[in-house]
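The values are calculated or read from the model by the stated rules, or taken from the named source; none is laboratory data. Since we're looking at a predicted model, the values are computed, not measured. Positions of Cβ are generated from backbone atoms using ideal geometry, with glycine treated the same way; all protein chains shown enter the neighbour counts. Only protein heavy atoms, including side chains, enter the accessible area calculation; ligands, DNA and RNA are left aside. Shrake-Rupley method; radii C 1.70, N 1.55, O 1.52, S 1.80 Å.
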Amino acid sequence: MKILLILKARRAAGALAGVAEILNGHGFYVSEHKLTPRDEETAEIRVIASGEGDSKHLREKVEAVSAVIELVEMREVYATELAAEPERVSGQPPDPWVERLTREWPNVLPVLKEFSAPLGETDCEHKLTSLGVDTGAVIYGRRAPSDPPTRVEAGLMQIVAPALTDLARTKVRGNTLRVMETDLASSERVDLLFLPVEDKPYCCFLSGLVAGMLNAMPGMPRVRVEETRCIARGDHVCDFKVTEIG
Ligand SMILES: [Zn+2]
């Protein structure tokens, strides 16, 4: 398996060596890494580690490395993901929008409005969805339990719904997440969040967010998320149906 770690660390303090040592002790080796200076003192370090090791307790050990300021994200990455999104693991600095959304969570509406404002409609759908996916992965990384759910329904109940608590009123029914009420839906700028796709508006950011969280869970099959009902289309709820794709 391969795992991705994103760390915020002190630049001059040998953080990578410390983290590599911990990884080796858990049966992983560093197969790729990239250090991106953030300011005079700190850097972002992205590490892809491979191996058949035990990732239990890895998080605490990495966080205990003295040069590490924060373990921003740690999750399993899949071959398909590495192939499909090379830029994700090739060491780009984290998207500043994702950083802002996760920092200001759950007060995301102002940030989403600002993000969407300069975008055209076609661009907006793709970009809002991708932003949701990336944000979902980071949100999951921060909550990642030591025993992550491996079934969709459990993932929705144990991680997704609780993460959305202050953002939306939700209910889980089987593999569907139902959103009854959300500030995102009552926004004055609803046009920016519900974008027409084949004349059918849907919640791009929320769809991406649900997929991003579920796909970040190690042991969870890859999933896709489809919004089968949407308040923006006149339905009384938004239903996000999750389907396993392998
Ligand atoms: Zn919707």
Which parts of region 39-77 would a label at Glu99 reach, counting a residue when its backbone N lies under 19 Å from a point 7 Å out along Cα-to-Cβ?
-> 39-47, 68-74
For region 96-244, Rg(Cα) over 2.2 N^0.38 Å is 0.96
Would you mind getting me the FRET efficiency between Glu40 and Arg169? Use the beta-carbon distance for r and R0 = 41 Å, nearest 0.05.
-> 0.40
Å³ per residue enclosed by the Cα convex hull of region 1-73 = 67 Å³
Residue among His126, Leu156, Val111 farthest towards the positive dipole end of region 109-160, charges placed on Cβ | Leu156
Ranking by accessible area, most exposed first, for Met220, Met157 with a 1.4 Å probe = Met157, Met220
Going by average Cβ neighbours within 10 Å, how do the peptides 51-62, 225-236 rank, with the highest at the top?
-> 225-236, 51-62
What is the spin-label model distance, in nm, from His33 to Arg222 if the labels are put 7 Å beyond Cα along the C-beta direction?
-> 2.9 nm
Order Tyr202, Tyr29, most accessible first, counting only protein heavy atoms with a 1.4 angstrom probe.
-> Tyr29, Tyr202
